[in-house]
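*Asks:* Just passing along the structure, written as structure tokens.
The values are calculated or read from the model by the stated rules, or taken from the named source; none is laboratory data. Note that the structure is a prediction, hence the values are computed from the model and not measured. When we count neighbours, we look across all protein chains shown, and the Cβ atoms used for this are built from the backbone with ideal geometry, even at glycine. Keep in mind that these areas ignore ligands, DNA and RNA; they rest on the heavy atoms of the full protein, side chains included. Shrake-Rupley method; radii C 1.70, N 1.55, O 1.52, S 1.80 Å.
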Amino acid sequence: ALGKSLSNLSTAAAEEEEENRRGAVMPVAQVSKEEEEQRRRSLAQELSNRGICPEYDPVGSGDQRSAFDVSSVAPADMRAFLHSPAPKHAGVVQCRIIRDRSGISTKLHPKYTMESDDKIFLMTAQKQVKNKTSNYAISMSKSGSSKDPEGFLGKLRSDFLGIEWCAYSPGLNPAKIDPKMPTAHQLQQVREELMAVQYTASKWGATAKGPRKMSVAIPSVTPGGERLVCRTMTPQADGLLALQKGPSSNPTQQITTYTNKPPKWNDQIGAYVLNFNKRVTEASVKNFQLISSTDPETVYLQFGRVGKEVFNLDFRHPISPFQAFAMCLSSFDYKLGCE
């Protein structure tokens with residue numbers, strides 16, 4: 001059994017090294033202070049010559065600190081905060097995810113902790129054992145136990161290939177609910193679908209080329225800030241993944257979708273690059289930014305490596321902290337269907 005575990009560890013390590021080598025996304029190289037000052041002066045002079053005098057920040061909003069203080073959320077309100085869309089006035093909420101693979105059990109089933117940039121604990125996720133597909137329990141408890149009903153926030157589950165993921169609230173799988181029960185009672189007990197991710201699959205036997213491609217769907221949020229509820233007894237017909245796969249010519253208003261911003265190839269360094277505005281410092285296949293087709297200039301979520309086991313996560317309204325965490329957790333798993 002120990003030999004099999006060690007073999008699994010070496011295989012997982014080799015898979016991660018190989019996927020990083022093939023499709024890693026690098027952060028744009030940062031310039032020195034002197035070069036940045038020269039660039040600012042040059043741009044300011046150019047704007048002046050053209051008669052334009054706006055406030056201008058060539059570094060970009062991604063380098064600004066969040067105006068939202070997570071410590072202002074009362075403990076009694078934390079569960080609601082984690083499941084609610086990020087406040088509009090918060091701007092970009094800056095967090096980090098720390099991966100723990102320090103022990104034998106956590107090497108095979110890593111534990112992830114999400115905290116604010118000010119090191120305020122938010123939630124943890126633990127990959128569950130004895131599951132045919134990847135299954136993460138997400139909890140407000142630092143132990144990450146899914147058996148604590150007070151702390152349990154929901155779970156993230158993938159298909160066999162690791163290319164389709166769905167995050168759920170606490171509740172029952174519709175397949176396990178008594179069909180003889182009145183429909184109203186069924187919908188009271190069934191779990192809510194909170195987020196879905198699809199990764200683009202490569203052809204069998206072919207080597208994946210370039211970074212991953214991903215698309216994300218969340219229930220839409222009303223102008224008043226309320227998230228629509230996606231609770232269904234027939235997820236194969238009207239769940240988030242089904243709605244996400246619907247015809248693009250007839251998009252539904254029930255969901256909001258995002259896609260990862262395509263990184264650009266840089267011939268000088270021989271790699272794909274994205275500008276993370278200094279929030280990501282190391283190359284990784286897990287690095288990504290999410291944009292909307294209706295607003296391609298705004299990055300709604302960005303995630304990337306800053307250390308061997310540390311990753312920065314920034315997101316904004318209408319994405320909730322739980323949804324942001326789940327999106328990023330899906331990127332950690334090896335994808336049999338697209339790597």
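*Asks:* Looking only at strands (runs of 3 or more DSSP E) that fall completely inside segment 236-339, which ones have 1 or more residues that are at pLDDT 95 or above and either of a type outside the set (Lys, Arg) or open to solvent by 30 Å² or more (accessible area, probe 1.4 Å) (or both)?
*Replies:* Once the strands (runs of 3 or more DSSP E) in segment 236-339 are filtered for at least 1 residues that are at pLDDT 95 or above and either of a type outside the set (Lys, Arg) or open to solvent by 30 Å² or more (accessible area, probe 1.4 Å) (or both), what remains is 255-260, 288-292, 295-305, 310-315.
*Asks:* Could you list, in sequence order, all residues of segment 97-114 that are open to solvent by 40 Å² or more (accessible area, probe 1.4 Å) and in contact with a Phe, Trp or Tyr (Cβ under 8 Å, 6 or more places away or on another chain)?
*Replies:* Answer for segment 97-114, where residues must be open to solvent by 40 Å² or more (accessible area, probe 1.4 Å) and in contact with a Phe, Trp or Tyr (Cβ under 8 Å, 6 or more places away or on another chain): 98, 100.
*Asks:* Kindly indicate whether residue 88 is surrounded by fewer than 21 Cβ atoms within 10 Å (Cβ to Cβ) and touching a His at 6+ places or on another chain (Cβ under 6 Å).
*Replies:* Criteria met by residue 88.
*Asks:* Return the total of residues in segment 251-301 being touching a Phe, Trp or Tyr at 6+ places or on another chain (Cβ under 6 Å), aliphatic (A, V, I, L, M) and over 27 Å from residue 32 (Cα atoms).
*Replies:* 1
*Asks:* Does segment 115-139 hold any residues that are surrounded by 17 or more Cβ atoms within 10 Å (Cβ to Cβ) and touching a residue at least 24 places away in the same chain (Cβ under 8 Å), and which are they?
*Replies:* Correct list: 116, 122, 123, 125, 134, 136, 138.
*Asks:* Note down all Cβ pairs under 9 Å where the first residue falls in segment 102-113 and is among the hydroxyl-bearing types (Ser, Thr, Tyr), the second is assigned to a helix (DSSP H, G or I), and they're at least six residues apart or on different chains.
*Replies:* 112/325; 112/328; 112/329; 112/332
*Asks:* List pairs: first residue in segment 220-248 and in contact (Cβ under 8 Å) with a residue 12 or more places away in the chain, second residue open to solvent by 70 Å² or more (accessible area, probe 1.4 Å) and among the basic types (Lys, Arg) anywhere in the structure, Cβ distance under 8 angstrom, at least six positions apart or on different chains.
*Replies:* 225/88
*Asks:* From the set of residues in segment 152-178 that are under 15 Å from the mean Cα position of the chain (by Cα) and in a loop (DSSP other than H, G, I, E, B), which is surrounded by the fewest Cβ atoms within 10 Å (Cβ to Cβ)?
*Replies:* Of everything passing the filter in segment 152-178, 162 is surrounded by the fewest Cβ atoms within 10 Å (Cβ to Cβ).
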